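First the structure, in the form of structure tokens, and then the observations on it.
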Amino acid sequence: MTRSLGVCLACGEPLRYFETAQEVTCEECGRVEAAHAICQSGHYVCDQCHRARGVEHVLATCATSDLRDPIALAQQIMADDALYPNGPEHHTLAGAVLLTAYRNAGGALDLSAALVELRRRSLAVPGGVCGYWGTCGAAISAGMYCSIVLGATPMTLGPWGQTARLTSRILDRLADVGGPRCCKRSTFIALQEAAAYTAETMGVTMELPAQVTCTFMARNAECLRTACPFFPKRAHA
């Protein structure tokens, strides 16, 4: 399976997206389901197959990391070929690195239990929600992080609102940048906003780089290049 340019994992052709779901069959496991994307040759790979290796790599790395910088940890994980250029594995990545950096920065948290819960929740978020649900998987994942740390449920008062406030901040920034989707860009923005919000409201200060520079643009055919806040400045000339 190819990992370049965010294309079909079965043949490398560009993907086609549909407004209305169609019945498709996964090339990897044979699962038949309704989905919104196939490649130009008609191939489909389901979310479960797409993110399987990536999710386990995310959780294994976070379980043993001592980093306090969620972006540095995310970039370390993204560099592994278990993570595709885009895909629902990022819906686990954002929340997992935030939980890890929070604990390592002094936050009171049972990281092992938190990662198990984060995995359970994040696997329920399908790929493509940025275009079809009016939200972003990275923002949702950051919201899961906040909910787990604060102990939010549908019945809590303060934590319910705090979690919603964080995701709204992330979505506001993402909307300003615009589309098309880039899971790296969305993840970096979610982590920046979540780390700042954590320091403001929870008193736990994670580390963040002064400047975030993306190194993954060559793997994303839809890269916004200079319109992306993380595009390398040296490439602007």
Glu13 passes all but one of the listed conditions (1) at pLDDT 90 or above; (2) open to solvent by 30 Å² or more (accessible area, probe 1.4 Å); the exception is number (1)
Among the residues of the range 199-219, is any in contact with a Lys or Arg (Cβ under 7 Å, 6 or more places away or on another chain), assigned to a loop (DSSP other than H, G, I, E, B) and open to solvent by 50 Å² or more (accessible area, probe 1.4 Å)?
yes
Which residue is modelled with the highest pLDDT, if the candidates are limited to the range 25-57 and must be in a helix (DSSP H, G or I) and of a type in the set (A, V, I, L, M, F, W, C)?
Val55
Residue list for the range 70-86, restricted to those being surrounded by fewer than 21 Cβ atoms within 10 Å (Cβ to Cβ) and part of a loop (DSSP other than H, G, I, E, B):
Ala79, Asp80, Asp81, Ala82
If you check Ala94 against the conditions, is it open to solvent by less than 10 Å² (accessible area, probe 1.4 Å) and closer than 20 Å to Ile140 by Cα?
yes
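Table: residues versus (1) over 30 Å from Ala105 (Cα atoms); (2) surrounded by 19 or more Cβ atoms within 10 Å (Cβ to Cβ); (3) touching a residue at least 60 places away in the same chain (Cβ under 8 Å).
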{"residue": "Cys8", "(1), (2), (3)": "yes, yes, no"}
{"residue": "Gln40", "(1), (2), (3)": "yes, no, no"}
{"residue": "Gly54", "(1), (2), (3)": "no, yes, no"}
{"residue": "Cys62", "(1), (2), (3)": "no, yes, no"}
{"residue": "Ser65", "(1), (2), (3)": "no, yes, no"}
{"residue": "Arg68", "(1), (2), (3)": "no, yes, yes"}
Looking at Val116, is it without any contact (Cβ under 8 Å) to a residue 12 or more places away in the chain, farther than 23 Å from Ala196 by Cβ, of a type in the set (A, V, I, L, M, F, W, C) and touching a helix residue (DSSP H, G or I) at 6+ places or on another chain (Cβ under 9 Å)?
yes
Being under 25 Å from Gln75 (Cβ atoms) and either in contact with a Lys or Arg (Cβ under 6 Å, 6 or more places away or on another chain) or free of Cβ contacts under 8 Å to residues at least 60 places away in the same chain (or both) narrows Ala124, Ala164, Ala101 down to just Ala101
Expected output for the range 135-149 (first residue closer than 10 Å to Leu118 by Cα and among the hydrophobic types (A, V, I, L, M, F, W, C), partner open to solvent by 20 Å² or more (accessible area, probe 1.4 Å) and in a helix (DSSP H, G or I), Cβ below 6 Å, 6+ apart or cross-chain) is Met144/Arg121; Ile148/Glu117
Suppose we filter the range 135-157 for residues that are modelled with pLDDT of 95 or more and either in a loop (DSSP other than H, G, I, E, B) or exposed (fewer than 14 other Cβ atoms within 10 Å of the Cβ) (or both); how many remain?
8
Restricting the search to the range 109-134, which residues are open to solvent by 10 Å² or more (accessible area, probe 1.4 Å), outside any loop (DSSP other than H, G, I, E, B) and under 23 Å from Asp176 (Cβ atoms)?
Cys130, Gly131, Tyr132
Collect the residues in the range 159-176 that are open to solvent by 40 Å² or more (accessible area, probe 1.4 Å) and under 26 Å from Asp110 (Cα atoms), keeping them in residue-number order.
Trp160, Gln162, Ala164, Arg165
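The values are calculated or read from the model by the stated rules, or taken from the named source; none is laboratory data. All values reported here derive from a predicted model rather than from experimental measurement. Methodologically, a virtual Cβ is constructed for each residue, glycine included, from the backbone with ideal geometry; neighbour enumeration extends over all protein chains shown. All accessible areas refer to the heavy atoms of the entire protein, side chains included, with ligands and DNA or RNA removed. Shrake-Rupley method; radii C 1.70, N 1.55, O 1.52, S 1.80 Å.
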